[in-house]
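Encoded as structure tokens, the structure appears first; notes follow it.
Quick note: the coordinates plus some simple rules give every number you see, no bench work behind them. The shown structure was predicted, so the numbers you read here are calculated from the model rather than taken from an experiment. Cβ placement follows ideal geometry from the backbone for every residue including glycine, while neighbour counts extend to all protein chains displayed.
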Amino acid sequence: MSRRETCNVVVIGGGTAGFAAACSAARQGASVRLVEAGSKIGGVMSFCPGMPWGGGYPLGTSIGGIFAELTDRLAGMNPPCAQVRPSTLENFGREVLYDHEAAVFAMFQMLEEAGVVCHLGTFAGQPVMDGKRIAAIEFYDRRGPLVIEAGMVIDASGDGDISAKAGVPYSLGDGHGNMMGVTLSFTMINAPWVRVFAKDDPYFQAEAAVGVAEGRLHPDLAKLYLMRGFHPDSVFCNSVHIRGVDGTDPQQVTAATQEGRRRCHQLSRFLIECVPGFENARMVELGPTVGVRETRRLEALHRISGAEIAAATKFPDGIVACDNPIDDVMRGEGEMTHAAAVASGSYYTIPFRTLVPAAIDNLLFAGRLICADPIAFASVRGMPQCMAMGEAVGIAATMALMAGLTVQQVNSDALVAALVQRGVKGIGDMPLV
Ligand SMILES: Cc1cc2nc3c(=O)[nH]c(=O)nc-3n(C[C@H](O)[C@H](O)[C@H](O)COP(=O)(O)OP(=O)(O)OC[C@H]3O[C@@H](n4cnc5c(N)ncnc54)[C@H](O)[C@@H]3O)c2cc1C
């Protein structure tokens, strides 16, 4: 017989979006269970340890909310475990570099302080429907089946398996099934920045061209994304992309991860042998699995579009500001691009309705499964924005529960006011500057 638990809100997925959703719902007084298939929270952030939080500073100002709280908590440690720096890549603005383990610890602490019950190593398998409601979700952990009945469900799983099984329509990647490339990252330590970054080219194209021409690097490594890590003389390598992988297929992810390991070891050897500054460096923190950027994008009350973000649209139900570039990564045969999303000095907001399904009464989304067209998706998907989406739906779920409303009936003015009260910037009547 299945074990059974009940709670007000169950959050599926402990990535940056699920973390913030669980904290925010629990802080509103809800009993919350956060269920994560892996052994750690962070999601992509933990699969690519050390990856900067980009996009949190539209127009140079923090988006506020839980993202700012976490950043301040890390920066306030002794010694400081986070720092805000300008990105070395085109159009990315300021970003947060942080000590990965300190960040994961701080996130677990925030969940603990909020009273969230965490289930790690627990996989969400199947929703149990009752008309237009998800009555319960069937999970599985090493002890066997576990059923959780919750008043509200937040799908922050990145891939949206449960929402799809509950009947929410979705598209994959660019709509033709071409999903962005997946990436295996690593860090090189003992690589003096003063030598590594002595030249101007942020992508090390001259060195990479030699490596590709000599057959020492895969042709997709013509641009090397090498960035200063948080710790001095550490270099974060976000370069090894594998194309054409369906992140919802565990076997494809497994194969891509092994191919990624091959290319990461090849790249690390190349850096040591051929790129000035890496002579005495070594590889650490090779990701446990590839980071998956894009799989399902769920259909919601509104699909944010490339045209809307280009027009710097500030939606009345905007829940977070953003000026992230169109960060498109090798969809199908495509290349990597970081074109500006909005005119310089401007930003757009992400509307709450992109996180609300049309036909299920007690389900909300947060994070990279947001309803967005392929262009808008390439901009909205940064970790700070994912945290902000989680924060918003955590509050919305609690508001709906307390008032006995469906998610579609949540008063978005009240939601935006609640977010502003919690320090979220650039939404409602409050422009960023
Ligand atoms: C390689 C790469 C580089 C990137 N670079 C940057 C960058 O520099 N800066 C930046 O800000 N953003 C970057 N991004 C984007 C950003 O990291 C992601 O969009 C964001 O982390 C997504 O967060 P999420 O919480 O929505 O989903 P995820 O991080 O994918 O988390 C989903 C979680 O749900 C869990 N899960 C899934 N299915 C189930 C299930 N059925 N049951 C239980 N648990 C489940 C997963 O294990 C995972 O932990 C990058 C992304 C990638 C992949």
For region 272-373, what is the per residue volume of the convex hull drawn over the alpha-carbon atoms, in cubic angstrom?
-> 182 Å³
Which cross-chain or sequence-distant (5 or more) residues have an amide H under 5 Å from the amide H of R368, H modelled 1.01 Å from N in plane?
-> G158
Theoretical FRET efficiency, 1/(1+(r/R0)^6), r = Cβ-Cβ of A209 and F105, R0 51 Å, to 0.05 = 0.80
Taking alpha-carbon centroids only, region 254-299 lies from region 34-97 a number of Å equal to 20 Å
Kindly provide the trypsin sites (Lys or Arg not before Pro) of region 231-298 that DSSP labels as loop, not H, G, I, E or B, and whose Cβ sees at most 10 other Cβ atoms within 10 Å.
-> none
When the helices in the chain are scored as -39500 (n - 2.57) per DSSP H run of 4 or longer and the sum is shared across all residues, what 222 nm value do you end up with, to the nearest 500 deg cm²/dmol?
-> -9000 deg cm²/dmol
Find how many whole Å separate the alpha carbon centroid of region 99-137 from the alpha carbon centroid of region 355-411.
-> 16 Å
If amide H atoms are built 1.01 Å from N in the plane of the peptide, which residues on other chains or at least 5 residues away come under 5 Å of the amide H of L184?
-> V240, I242, G291
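List the GluC sites (Glu not before Pro) within region 322-421 that fall in a DSSP loop (any state other than H, G, I, E or B) and whose Cβ has at most 13 other Cβ atoms within 10 Å. Don't skip to the answer; put the middle values down first.
Values: sites: E333, E335, E391; in loops: E333, E335.
In loop regions of region 322-421 (DSSP not H, G, I, E or B), the sparsely surrounded GluC sites (Glu not before Pro) are E333, E335.
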Once both label points are put 7 Å beyond Cα along the C-beta direction, the E113-T61 separation in nm becomes 2.5 nm
Relative contact order %, the chain, counting alpha carbon pairs below 8 Å whose residues are six or more apart = 23 percent
For the pair T337 and R261, how long in nm is the line joining their label points, each one 7 Å along Cα→Cβ?
-> 3.5 nm
Difference of contour (0.36 nm per residue) and Cα-Cα distance, N411 to T254 | 52.2 nm
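Rounded to two decimals, what is the ratio between the C-alpha radius of gyration of the chain and 2.2 N^0.38 Å? Walk me through the numbers on the way to the answer.
Values: Rg = 20.9 Å, N = 433, 2.2 N^0.38 = 22.1 Å.
It is 0.95.
Report the net charge of residues surrounding M77, where surrounding means a beta-carbon distance below 15 angstrom and charges are Lys +1, Arg +1, Asp -1, Glu -1.
On the way: positive: R73; negative: E69, D72, D99, E101.
Net of charged neighbours comes to -3.
In the neighborhood of N362, defined by Cβ-to-Cβ distances under 13 Å, what is the net charge if each Lys or Arg adds +1 and each Asp or Glu adds -1?
Details: positive: K132, R133; negative: D130, E149, D155, D361.
Value of the local net charge: -2.
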For K132, which lysines qualify as cross-link partners when the Cα separation must be under 21 Å and same-chain residues fewer than eight apart are set aside?
-> K165
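In the neighborhood of A25, defined by Cβ-to-Cβ distances under 11 Å, what is the net charge if each Lys or Arg adds +1 and each Asp or Glu adds -1? Working shown, then result.
On the way: positive: R27, R33; negative: E391.
Counting the neighbours of A25, the net charge comes to +1.
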In straight Cα distance, which lysines are under 27 Å from K314, not counting same-chain residues fewer than 8 positions off?
-> K425
